Amino acid sequence: IDNVSLGFTPPSPIAGIVRYGNTAQTPLSNVKVTLWNTANNTPVDSLTTDASGAYSFTPGPGSFEVRSSTSRTPGGWNATGALAIGRHYANVNPLQGLYLSAADVTANSQVNASDALQVLLRYLNVTNSFAAGSWVFEKPSVTVVQGATVPAYNITGLSVGDVRGAFTPGARLMSKAKIESGKDELLLTSGQIVRIPVYLDEEIDLGAISLALGYDARQLEVLSVRLSDAAHNANMVARVNEPGIVSLAWFDVQGWDVQKGSVLFELECLVKNVDANGVSFRVMEGSELASKDVEVLDMAKLRIPNTRGTEGVDFISLSNYPNPFDGQTSLRFNLPTEGSVTLRVLDVAGREVASYDLGTRAAGLHTHDLELNVKAGVYSAELLFNRSGESTVAVTRMIRR
């Protein structure tokens, strides 16, 4: 009997990990991975990735393509992503590879302003799907030769529309903005339509706004949103018909140079029933602001006036911003009813250095830009409010640097 020794090299597997295309390279579980024979375009085998995102096939020699799909919940769309799409079609910073595929949300093999608009609408929940579907994955082509080792083929996936890889599947959305009450006070009367300003407490060449504010719908009804610079309103989309939430999305490839303390936008509201405690606004999860270079601000600071109802209240409020100031400042005052307004500026000795007749003003919040060519020091602004022969004075201290 002859002794025969046979050597056998097992087929090399086609294997790898499916990951999301974010910075963390988050492993993707529950992804269906199918191995296709490219010679006859038929499926060979399929499996579903586990918690580590791993897959592995051992098909033997041949030519194959690895295809992936999933029913997982997608995400990651906002105005910052729309800005990145806008920069691509403006040829400022072209997208590449899978991120370019994720940008074609309209599935017309082009990436342009229509795709950016659809991303804004998806962020606002005006639409709940894209023509291109929900996910895109890399499709590696693999050739297996008997006895040869097949390298690992890791696969990257993206939610359609998430062109920055900003999404973390399975994780809770975080807010990257916050809102605080300012020193201004805004008096709200039931039945009144009032504009509530929202200020940006940072100086930035702004490129994108993705913002949702929550409030008590029993106190207010937001009617509309207007950016303070009307030239930029054409690029903004807002949703105000959801009780208790107002959302806006805006981007501009050219950017918007917003100065610290400037009004970013105004909320036109119908006052319903506001008590002495006022209305509290909160920033919803997923909100963020970004520069025109697509850099997200770390906890962008917004300010909104203190508000309270006018039941039993009969006084005026006065403040200015910035303070201290360099020659120019903006006075903000709130009137409980219509009346005539006069403004005086006094130095520390009580001498009048400037006076302005502001005429008759309606109830509500007003601003008056003030330019003072005076030396550095402390000054007082006095606002004289007159109605039906009765006068009220509000005073604020200003510091000229």
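The values are calculated or read from the model by the stated rules, or taken from the named source; none is laboratory data. This structure is a prediction, so every number in the text was calculated from the model and none was measured. So basically every Cβ, Gly included, is an ideal-geometry build from the backbone, and we count neighbours across all protein chains shown. Heads up: the accessible areas ignore ligands, DNA and RNA and are worked out on the full protein's heavy atoms, side chains in. Shrake-Rupley method; radii C 1.70, N 1.55, O 1.52, S 1.80 Å.
Annotations for the structure displayed:
- Inter-centroid distance (Cα atoms) of the stretch 344-381 relative to the stretch 251-293, Å: 28
- log₁₀ of I(q)/I(0) at q = 0.08, 0.09, 0.10 Å⁻¹ - the chain, Debye sum with one point per alpha carbon: -0.58, -0.68, -0.78
- Lys/Arg +1, Asp/Glu -1 at C-beta; the stretch 242-381 dipole; positive extreme among Ala363, Val378, Trp256: Val378
- The average projected area of the stretch 1-137, computed from the convex hull of its Cα atoms over all directions, is 12.4 nm².
- Modelled label positions at Asn241 and Ala113, each set 7 Å beyond Cα in the direction of Cβ, lie 2.4 nm from each other.
- Assuming charge only on the beta carbon of Lys and Arg (+1) and of Asp and Glu (-1), the dipole of the chain about its Cα centre is about 280 debye to the nearest 20.
- The stretch 346-401, dipole about Cα centre (Lys/Arg Cβ +1, Asp/Glu Cβ -1), debye to the nearest 20: 220
- The charge dipole of the stretch 166-264, taken about the Cα centre with unit charges on the Cβ atoms of Lys, Arg (+1) and Asp, Glu (-1), comes to about 340 debye, rounded to the nearest 20.
- Relative contact order (%) - the stretch 163-274, alpha-carbon pairs under 8 angstrom, separation at least six: 42
- Cα-based shape type of the stretch 182-235, given that a ≥ b ≥ c are square roots of the gyration tensor eigenvalues and the cut on a/c is 1.5: prolate
- Shown in residue order for the stretch 282-293 are the 3J(HN,Hα) couplings computed by the Karplus curve 6.51 cos²θ - 1.76 cosθ + 1.60 at θ = phi - 60°: 9, 7, 7, 4, x, 7, 6, 10, 9, 6, 5, 8 Hz (x for Gly and Pro).
- For the stretch 235-322, the solvent-accessible area works out to 44 Å² per residue, with a probe of 1.4 Å and every protein chain left in place.
- Of the accessible area of the chain, computed with a 1.4 Å probe over protein heavy atoms only, carbon and sulfur atoms account for 46 percent.
- Shape of the stretch 298-391, Cα gyration tensor, a/c cut at 1.5: oblate
- Taking the chain as a Gaussian network of alpha-carbon nodes connected by springs under 10 Å, the highest mean-square fluctuation of the residues Thr127, Thr156, Thr26 belongs to Thr127.
- Farthest towards the positive end of the charge dipole of the chain, among the residues Asn277, Ser317, Ser291, is the Cα of Asn277, using unit charges on the Cβ of Lys, Arg, Asp and Glu.
- FRET efficiency, 1/(1 + (r/R0)^6) with R0 60 Å, evaluated for Asp216 and Gln25 via beta carbons: 0.90
- For the stretch 127-211: accessible area per residue (Å², 1.4 Å): 45
- When the P(r) is computed for the stretch 211-325, the part past 25 Å accounts for 31% of the Cα-Cα pairs.
- Most positive-pole-ward Cα, Val92, Ser56, Ile1, against dipole of the chain from beta carbon charges: Ile1
- Choice from Ser287, Ser68, Ser388 with maximal GNM fluctuation in the chain (Cα, 10 Å cutoff): Ser388
- Label-to-label distance, nm, for residues given as Ala171 and Asn3 (7 Å Cα→Cβ offset): 6.0
- Distance in nm between pseudo-label sites at Asp369 and Thr42 (7 Å out along the Cβ direction from Cα): 7.5
- Length released on extending from Thr392 to Ser340, taking residue separation times 0.36 nm less the Cα-Cα span: 17.7 nm
- Stretchable slack from Asp326 to Gln146, in nm (0.36 nm times residue separation minus alpha-carbon distance): 57.0 nm
- Residue-span extension gain [Thr106 to Glu295] - 0.36 nm each, minus C-alpha spacing: 65.5 nm
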